[in-house]
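A short worksheet on the structure shown next.
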Amino acid sequence: MASIRLENICKHYGDVVALDDVSIEVEDNAFFCLFGPPLSGKSTILKIILGLETPDSGSVFIDDRPMNGVSPAQRNVAMVFQNLALFPHMTALQNVRFPLVERKIAEDVIAARVDEVTKKLHMQHILHKPPSQLSGGERQRVAIARALVRDPVAYLMDDPISALDARLREETRVELRRIQREMNQTVIYVTHDQEEAMSVSDQMAIFEHGRVRQVGAPHDLYDAPASTYVAEMLGAPAINLMAAGGTALNAGRPVPQQAVQLGVRPEHLRVLKDGGNTQVSAIEPMGATTILTLKAGAETMKAALHGQPEFQVGESVSLSVDPAQIHFFDKNGDTLVAV
Amino acid sequence: MTQIALSNLGKKFGSFTALAQMNLTIGDGEFVALLGPSGCGKSTTMNMIAGMVDPTEGDIRFDDRSILDVPMSRRGVGFVFQNYAIFTHMSVRENLAYGLRAQGVSASERNRRVNAMADLLQLTPMLDRRAAGLSVNILQRLAIGRSAVVEPAIFLLDEPLSNVDAAFRSVMRSELKALQRQFSQTLVYVTHDQLEAMTMADRIAVMDHGKLLQVGTPLEIYNNPQDVFVARFIGSPGMNILEGTIASSDEGKLVDLASAGRSAPLALSDRAASQGLPEKVLFGFRPEQVNPDPNGTMALPVNFVERIGARTILHLGGDGLEAKAVLDNQIAMPSIGDILRFSIDPKMVRLFDPVSGIAIGGDI
Amino acid sequence: MNGVSVKEADIAVLPQDNAGSEEKRLGFWLTLPAQCLVLFIAVFPILMQLYISMTDWSPLDGIPWYRAYELWIGFINYTDLASDSRFWAAMWRTFLVMIVCVPIQFLLGLGLAVLFVDEFPGKRWFYSTLLIPMMVVPAVAGYMFFLLFQSGGPVNDLLSLFSASPVKIAWLSDPSLALVAVMAADIWQWTPLMFLILLAGMISVPQDQQMAAVLLGASWGRRFFTIVLPRMKTIIIIALAIRTIEIFKIFDTLYIMTGGGPGVATETISVYIYKVTQQDLIWGYVAAIALAILIVLSVISAIAISRMSKGANAR
């Protein structure tokens, strides 16, 4: 497997800036996630790594070798597409064998390789079926196996499980992560589901309009976002942002002078039933947690509470928060380091 | 403003039974979600209410009047399709006016109602735009507005959020819920996403393989699933189900979970105690009820750790004894390969019959 | 709907993926040979005809076509054409066939499509049977209709059933009826094509939109005229354009049935060109006629294409 490094990549399509000075380092055997809203440049990065697009400036390095002028085939990077792109007229087995057969590899080598991969993916019982007879998750596995047999230097995956239903997505993402660990692969993964991104990745890069806003381990980004943008991209319900100096919440510690906004994650809000100046305006019981929508003056906040506490709509409550859990942001939305 | 009653409703396609013995009453102004995996019969049920599919047995009544012989154009059902089925060759205004025109409402009245609906749904600025190329949340509002403007007795929504990006779904959910409150209409919502059902519905009807398994408020269903399928299907992750054997101890009956240890003595309800317990049971507990406890009577190896923002999901066990635990990030987290020792509050344990899958003794 | 965020409302308005201008240039060079070939195939015959049409060239003169400039006469062929009553009569007849046949074929085709869009017992069998006329070689169809419309033929026999005395209409030799027989043959042969195209269009109208219309209380007619037909607009234009253009090409069926006669009673434009080419041998004049028809057909196609792109924008 290989490390992948992007240095100062820029890419324009006409007047549209797709990527603006993007530098990313993906370590060997890392699961690296590109996360951002649609059209923020994630898919363009994949195309540039694959060699399907040429950057206007900047370079791609695979294992420290510059890839300028290296064709997609020579780069030996595998891609798993969003729509999986299985061949409908072939069985699962034929689909998996396809990349090797195309390369005219000896039959016994193919058989051994296919056997190894399909065993690891627990999919030998479905090999004789065509894609149309497979479930969404099984089709997913076929697509991954087809990428795995090639033994490429890295895998690029463009939102590969977004078409599955919610429950299957939760299972498949763990499966993907397990396979990546077991087979020691470098994976670059595009998604726009924040939960999925946090679940699978060792490192993630958060994109906005073709720029990387922050790179780091998911929990570091979640706990210490560098900006309101990153803070809002991660977490459901999203972080509560409110004007600094407002009365909705007692910060419990000095607010830095440059602070314009402060942010508190919904799970860090404590809600006290003591008839304070905050009203409960909606209650969403979800079983394991309960989401309260709270109104304090002009501010609306959400609190995520454990279990199934009893609240009434319209009830007056007060809020508190551990001062260490408050984020301060300046007028540009950048995080202020705690005073 | 209509009550819907389904009685013994069934549908067969040839030898395949899509729905059997469905009994459900949906109250006036209620928001009921039909929840289940694909092929469970939820869409068939909805299509029968709308009149797109005729039942092979049973009856559907709106306010005690059977509507089986009423053609679908006169049932007064507002239907929102999965992909919204907007008439893209028309303007937004023509879409909104379509139903009124079909019903022969006068031009002045039509204009008044279309404008009022557009106002309500914030569609006024784009009334004269072509409906093609509008964004998905505007299409959703337009689809609802187009049905709402003819003042249907009931609303049926067929997985309206399934084509929406994950990131945008929560916005759409709250928008939908706000709309339902505004119209305070009887609403039946079909979905396979338990989160949508839990957060929006007044009551949930969980279905599988053409059968209605349980009806209740989101919390009733979450806390007291009547069936092992329901237990697994509701929640994210769903309820853990381990195979166990009933054993006795000094403090009472408990469940032996083989290599995972033994449960604490069961807090059996009177009903369960009087019914007696089968020898083998399915032992159910919610992932968030896993209580890391060095003195706990149960233990499983950690084989995967998934940290997602505020919570961490531990994937425990392997080979037949699999469970998940959801823990707060504040506590010290075990790593892969560790053995997690834990306890479960006996009051939070749910037992199911391993053969029928039905909950034992209702509330334990 | 207070508190509903609209800020992501514009997400769906995606900018077009402009491929790099570099790639476009490369694409141009790569396809240049093919483009030249296409240009040659399409443009050369037209230029040649234009050239010949400016001369009084005939194969009897014994000079090769490229030396036809020796017989240069300028626009005389065109001024002759303008005053050629036989040409205008042929044009008028062609037009008559068009305005009778195309609408009838369209309405019949549409009606059949409406029937066939739903399931009914024996549908496959009827479907195959309906398509047979289209498969028949036009010359054979001409022969069939030639027999049908004989004065002792089956058509008259059929009409006799509804009449007191035996019907003995001389269809093909009566100048006022021969064209009717020709039209009947065309309608028989080409309604299936219209039906096939329209059925394909009708099937592609989204089912859920039709359902939505019905659930909003629309009657069958309202659904048909406000959802189905508008959404078939493009395919209807294509079908009408194909048949309209094809009418100018009617030849083989007609020539076998009537030979353009009696007299010139069924002489449509293609038959007229054939006669001028093969019997009168004035080829400069033929080229002028051909160009005139090309202009007419181009105008029809241009109208159809512009209508179609409007239809496509509406989607």
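Label point 7 Å out from B:THR25 along Cα-to-Cβ: which residues of region B:163-198 have amide N under 17 Å?
B:186-187
Give me the net charge for the shell around B:PHE352: Cβ to Cβ below 12 angstrom, other residues only, Lys and Arg +1, Asp and Glu -1.
Once all neighbours under 12 Å are counted, the net charge is 0.
With a point put 7 Å past each Cα toward its Cβ, work out how far C:VAL264 is from A:ARG181 in nm, to one decimal.
Output for this residue pair reads 9.2 nm.
Give, rounded to the nearest 20 debye, the magnitude of the charge dipole that the protein assembly as shown has about its Cα centre when Lys and Arg contribute +1 at Cβ and Asp and Glu contribute -1 at Cβ.
Roughly 2080 debye, rounded to the nearest 20.
Which order results if C:PHE28, B:PHE81, A:PHE207 are arranged by neighbouring Cβ count within 10 Å, fewest first?
Fewest-to-most Cβ neighbours within 10 Å comes out as C:PHE28, B:PHE81, A:PHE207.
Where a ≥ b ≥ c are the square roots of the eigenvalues of the C-alpha gyration tensor, would you call region A:4-226 rounded, which needs a/c under 1.5, or, failing that, prolate if a/b is larger than b/c, or oblate?
prolate
Counting only other chains, what is the mean number of Cβ atoms within 10 angstrom of the Cβ of each residue in peptide C:202-215?
Average per residue, whole number: 6.
Within the set of other residues whose C-beta is less than 11 Å from the C-beta of B:GLU57, count the net charge using Lys and Arg as +1 and Asp and Glu as -1.
Net of charged neighbours comes to 0.
Using a Förster distance of 51 angstrom, determine the FRET efficiency expected from the C-beta separation of A:ASN68 and C:ALA82, and round it to 0.05.
Computed FRET efficiency for A:ASN68 and C:ALA82: 0.15.
Under a point spin-label approximation (7 Å from Cα along Cα-to-Cβ), what is the B:SER66-C:LEU229 distance to one decimal in nm?
3.9
Could you put A:MET90, B:MET200 in order, starting from the residue whose Cβ has the fewest other Cβ atoms within 10 Å?
If I rank by nearby Cβ atoms, fewest first, I get A:MET90, B:MET200.
Quick one: grab the alpha carbon gyration tensor of chain C, order the square roots of its eigenvalues as a ≥ b ≥ c, and give me rounded if a/c is under 1.5, else prolate or oblate depending on whether a/b is larger than b/c.
oblate
Considering only DSSP states other than H, G, I, E and B, which trypsin sites (Lys or Arg not before Pro) in region C:182-251 qualify as loop sites with at most 15 other Cβ atoms within 10 Å?
Here the sparse-neighbourhood loop sites are C:LYS249.
Amide H to amide H, which residues 5 or more places from A:SER281 or on other chains are under 5 Å from it, using H placed in the peptide plane?
Close amide H contacts, sequence-distant or interchain: A:THR293, A:LEU294, A:LYS295, A:GLY314.
Counting other beta carbons within 10 Å of each residue's own, what order do B:ILE358, B:ILE246, B:ILE26 fall into, fewest first?
The most exposed by this proxy come first: B:ILE358, B:ILE246, B:ILE26.
Tabulate in residue order the Karplus-calculated ³J(HN,Hα) for region B:299-312, using 6.51 cos²θ - 1.76 cosθ + 1.60 with θ = phi - 60°, rounded to whole Hz; enter x for Gly and Pro.
Once rounded to whole Hz, the list reads 8, 9, x, 8, 10, 6, 10, 10, 9, 10, x, 6, 10, 10.
Please report how far the C-alpha centroid of region A:254-313 lies from that of region B:105-162, rounded to the nearest whole angstrom.
Here the answer is 33 Å between Cα centres.
Taking Cα centroids, how far is region B:54-72 from region B:205-275 in Å?
First find each Cα centre; the distance between them is then 37 Å.
What whole-number distance in Å separates the alpha-carbon centres of region C:145-162 and region A:48-111?
70
Students often check this: by mean Cβ neighbours within 10 Å, which of C:160-167, A:74-81, B:44-51 ranks highest, and how do the rest follow?
Taking the mean over residues of other Cβ atoms within 10 Å, the ranking is B:44-51, A:74-81, C:160-167.
With +1 on each Lys and Arg Cβ and -1 on each Asp and Glu Cβ, how big is the dipole of region A:190-240 about its Cα centre, in debye rounded to the nearest 20?
The calculated dipole for region A:190-240 is roughly 220 debye.
Within a 10 angstrom radius of each residue's Cβ in A:165-176, how many Cβ atoms of other chains show up on average? Whole number is fine.
For peptide A:165-176, the averaged partner shielding equals 4.
Taking K and R as +1 and D and E as -1, what net charge do the other residues with C-beta under 12 Å from the C-beta of B:ALA107 add up to?
So the surrounding residues net to +3.
Can you run phi through the Karplus equation (6.51, -1.76, 1.60; θ = phi - 60°) for region A:143-159 and list ³J(HN,Hα) in whole Hz, with x for Gly and Pro?
4, 5, 4, 5, 6, 5, 4, 5, 6, x, 7, 7, 10, 10, 10, 9, 6
Contact order normalised by length for chain A, with contacts defined as Cα pairs under 8 Å and 6 or more residues apart; what percent is it?
17
Per residue of B:85-92, what is the mean number of Cβ atoms on other protein chains within 10 angstrom of that residue's Cβ?
5
Residue-wise, which Karplus ³J(HN,Hα) couplings in Hz belong to region B:204-221, taking 6.51 cos²θ - 1.76 cosθ + 1.60, θ = phi - 60°, and x for glycine or proline?
So the J values, rounded to whole Hz, are 10, 10, 8, 10, 7, 6, x, 10, 7, 9, 6, 10, x, 5, x, 6, 4, 5.
Between A:HIS219 and A:ALA251, what FRET efficiency comes out of the Förster formula 1/(1 + (r/R0)^6) with R0 = 30 Å and r the beta carbon distance, rounded to 0.05?
So the FRET efficiency works out to roughly 0.80.
DSSP loop (so not H, G, I, E, B), at most 14 other Cβ within 10 Å: list which chymotrypsin sites (Phe, Trp or Tyr not before Pro) in region B:165-256 pass both filters.
Nothing satisfies the criteria.
Would you mind checking A:LYS129/B:LYS12; B:LYS280/B:LYS324; A:LYS47/A:LYS104; A:LYS11/A:LYS331; A:LYS42/B:LYS42; B:LYS177/B:LYS347 for any pair whose Cα atoms are more than 31 angstrom apart?
Violating the 31 Å Cα-Cα cut-off are A:LYS42/B:LYS42; B:LYS177/B:LYS347.
Using alpha-carbon pairs under 8 Å, 6+ residues apart, how would you state the relative contact order of region B:245-322 in percent?
Relative contact order here is 22 percent.
Do any GluC sites (Glu not before Pro) in region B:272-351 lie in a loop, going by DSSP, with at most 14 other beta-carbon atoms within 10 Å of their beta carbon, and if so which?
Those that pass, being in a loop and sparsely packed, are B:GLU279.
Read-outs: derived from the displayed coordinates by stated rules, not from any lab. Just so it is clear, the model here is predicted, and its values are computed rather than measured. With ideal geometry, Cβ positions are generated from the backbone for all residues, glycine too; neighbour counts draw on all protein chains shown.
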